[in-house]
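Notes follow once the structure below has been shown.
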Amino acid sequence: MKNSLLLYLAASTSAAVTPRDPSTSESTDFTALSLFWDYGRSPPVYPSPKGVGTSEGWADAYKAAASMVAKMTNEEKANITTGATHPNNGCAGWAPPVERVGFPGMCMQGSGSGLRPTELVTSYAAPISIAASWNDDLAFRTGFHRGLEYEAKGVNVALEPVCGPVGRIAENGRNWEGYGSDPYLAGQMNYQTIKGIQNRGTVSACVKHFIAYEQETNRFPIGHNESVSSNVDDQTMHELYLWPFMDAMKAESGSVMCSYNRINNSYACQNSKTMNGLLKTELGFEGFVISDWEALHAGYEAADAGLDMVMPSSGGFWGTNLSLAVTNGSFSQERLDDMATRIVAVWNKFGSIPNPGHGDPPTVDWSLPHNHTNAMSHASQDTVFQGALEGHVLVKNVNNALPLKNPTVLSLYGYDAIPPAVVDPASGVKWLFGYESINSSETVAQLYISGYWSNGTNIWPNGPRAGYEGTLITGGGSSTSNPPWIVSPYAAFAQQAREDLTMLSWNFKDQDPGVMGGSDACIVFINEFASEGFDRSGLADPWSDELVRNVASKCDNTMVVIHNAGIRVVDAWIDHPNITAVILAHLPGQEAGKTLVDLMYGKTSPSGRLPYTIPKKESDFGHLLEPTHADGSSQYHTQANFTEGVYIDYKHFIKNNIAPRYEFGYGLTYSSFTYSNMEITHRDDIVPSFVDAYKGTVETANSKDNATSDDTTGERLPWGGAAPLWDNVAEVTMEVANVGEMAAAEVVQLYVGIPGAPEKQLRGYKKKMLDVGQKVQLQFQLTRRDLSVWNSKKQGWDLQRGTYKIYLGRSVLDIPLEGRLEVR
């Protein structure tokens, strides 16, 4: 457990008030504590920028929105900003209608694993699996097909994808909801997913959680305890936590969800620096900002800070109180108009669904009769299958133990091989929040879910470590999925055994099972659970580790399959001489079994790569292992100090010279590849330069007039920020060849060593399927942003003079090709 420190950051240099040190008080003075902690630490940015629709594709939506909003009363404008419950649909969030002007309301629903909580929808591979695929096209296609399901259910706003957390804390209960522990990978995956969801122009994405939301513990204020504060310096904010949101804004996500935590002691949903400054000004965001559920802690002050919509209700803060605040002069008419206009503009831009929520029945009691709307389609099934397939990462394969070679007898072990006994909408909270695999009663499951509202402190460190009740296909919480079916590992192996006339023996119950002599292989199925609401209490389930050791002690060809919702340490047994193969299967959704069989029987080669680092021991993460907990020094204001800067995950390991068990980007296939002929070219005019993040201009070392390549009007930056940041300034080419004996996909990864920055940072990747003997050339484009560092003093991005190291590799540590790029 980390201790909180009373640490002032560079971003917190001027205090609005200067009270006496509250720690000297004989009794607790909560007003003084609030004054001491809550003011002057996050820079104020006012007023909130007005959405004007100047960017291409948004002008018509804004024009129509302005016309509609002009017909509304102030009470109606305030009403559409304030969430409510609709009696006839099950939308997780509902923006009320203004029927007399033609606005039917808006339905918010879904997760990165599929629509929930509802029926007749697909359970997709979770984002952590898509991240492990390293396949941009797959991310786009999964987003596209989920978009079709949202449309079929009448959902206006898809509550996905996830840019944060980005994996700062290894035990974070929600890391599986995002796309790995690197901002570049997360940014690319979010960009493609958003483009997919919004491709038809019928559904808006809602990227979340903005920003620096890196733990579940103490995420909510309770009593006098405030939410944990993520204390982040300006450079780290831009180079790590804001980075993937830049890509999300480049994709023009219609909405952004602010998070539960505080940032530099100001709540995310009333933080003017992050919403008005970073998002709406620097990144040119023209959609609307929506609160996470129950994340509003202020009235019109939050609206002034940039919040446009609150969910699921305002707790009395907003609604008629906003219009009243306009009447009494404490809140501006212009800001209320802007909030309503932004919301209606997104509704106009994305399809204007006439009957929002029409396919999503109320979920108060699923046992009651109701109409069914089937959102699934045959057209999506190949993508669903591929998402599950490519998320598997083969990390050990001794002497080509895999693929299986016409086995006569297979012995199967472990609780994860079979589906949960109950997957039923009428069953209660376990179905609702993805706890079907957890060995608990509905009452105990409700206790876990209560961690949502009690910061996880009533659970940590005693939450469920693994799902002993069956195959884990997804994590727990609001980003879970509701499967229409589950193809379990056992079901798929049984089908294959039926085709091959293979004998199966199995024991899915005991921790120390007997092993049938003469088995060709013993396969152990285990999992590692994680959930919203509380953080994990470790990175390996001890009961499962003992099961693996027991089987391995009796079987000389033991293989382990782990469905893992995040990082899983394996050193309790990984070096056992009888363990020949290990697959990290992540969270594959409804197609868990068939995809696994296809891989283990060699019908296709594994192609997944780790989107995070697996250490040899948990302590290798140092202070980045556990969340920050309240303690005696925190004075009701828990402080999570991000003193490591950008050095999380593999950057932490490289900086501290710690050898991991399996490094970021690692993964095996059934083939072999060679890399050759690396060439680096750059634009003739690539020279040291500075891009002003707020003016959009680029100043170069040899520029007399400091001309800009930005196409803005001077009033508004484009979506994603200053246009020069997105200019391609260099190209790297190479050739990769399949020299093995099986067709397989290779993931070539490009890392850059920027002067004065981490030794290696991911800045490109390409996944390519190659037949045996095939050789292809791959091209990587490097943008100005890819090679720049944030200048806090000048508030922009510096492309520095110096030597930039370029690495092409199979992982962050396996680097066959190196080169240099000179900026002079």
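All of the numbers you see were taken from the coordinates with simple rules; none came from a lab. Computed from a predicted model, the values in this text were never measured in an experiment. As a convention, Cβ positions derive from the backbone with ideal geometry for all residues, glycine included, and neighbour counts pool all protein chains shown.
Taking each pair of distinct Cα atoms in region 381-612 once, what is the resulting Kirkwood hydrodynamic radius in Å? Present the calculation step by step, with values, prior to reporting the outcome.
Working: mean 1/r = 0.0561 Å⁻¹.
After inverting the pairwise mean of 1/r, the radius is 17.8 Å.
The residue list Leu472, Asn738, Asn231 was ranked by how far each Cα lies along the charge dipole of the chain toward its positive end, using unit charges on Cβ atoms, and Asn738 comes out on top. In terms of distances greater than 27 angstrom between alpha carbons, the cross-link table entries Lys280/Lys760; Lys273/Lys793; Lys603/Lys766; Lys50/Lys651; Lys616/Lys760 yield Lys280/Lys760; Lys50/Lys651. In the chain, the DSSP-assigned H stretches of four residues or longer account for a calculated mean residue ellipticity at 222 nm of -6000 deg cm²/dmol, using -39500 (n - 2.57) per stretch and the full residue count as denominator.
Spatially, region 240-305 and region 317-356 are offset by 17 Å when compared through their Cα centroids. Here the 3J(HN,Hα) profile of region 263-275, calculated from phi with Karplus coefficients 6.51, -1.76 and 1.60 at θ = phi - 60°, is 10, 6, 6, 10, 3, 4, 8, 9, 9, 5, 5, 6, 7 Hz, Gly and Pro shown as x.
Distance from the C-alpha centroid of region 749-824 to that of region 128-198: 23 Å, rounded to the whole angstrom. Net charge in the neighbourhood of Leu138 (other residues with Cβ under 11 Å of its Cβ; Lys, Arg +1, Asp, Glu -1) is -2. At an R0 of 56 angstrom, the distance between the Cβ atoms of Glu75 and Ala701 translates into a FRET efficiency of 0.50. For the pair Ala421 and Asn88, label points projected 7 Å from Cα toward Cβ lie 4.1 nm apart.
Put the Cα centre of region 462-501 next to the Cα centre of region 553-619 and the gap is 15 Å. The ranking of His652, His576, His563 by Cβ neighbour count inside 10 Å, starting from the fewest, reads His576, His652, His563.
When volume of the Cα convex hull per residue in Å³ is calculated for this entry, the matching label among [x] 211; [y] 156; [z] 176 is [y].
Taking K and R as +1 and D and E as -1, what net charge do the other residues with C-beta under 12 Å from the C-beta of Glu591 add up to? Walk me through the intermediate numbers first.
Working: positive: Lys594; negative: Asp382, Glu390, Asp598.
Residues near Glu591 contribute -2 overall.
Net length available on complete extension from Thr783 to Glu294 is 172.2 nm, with 0.36 nm assigned per residue and the Cα-Cα distance removed. Which is farthest toward the positive dipole end of the chain among Leu447, Thr604, Asn264, measuring Cα position about the Cα centre, with Cβ charges +1 (Lys, Arg) and -1 (Asp, Glu)? About the Cα centre, the residue reaching furthest to the positive side is Thr604.
Spacing of the modelled spin labels on Arg683 and Asp500, each 7 Å from Cα toward Cβ, amounts to 5.5 nm. Under the convention that each Lys and Arg Cβ holds +1 and each Asp and Glu Cβ holds -1, the size of the dipole of region 673-823 around its Cα centre is about 340 debye. Among beta bridges identified by DSSP and lying wholly in the chain, the antiparallel ones come to about 60 percent.
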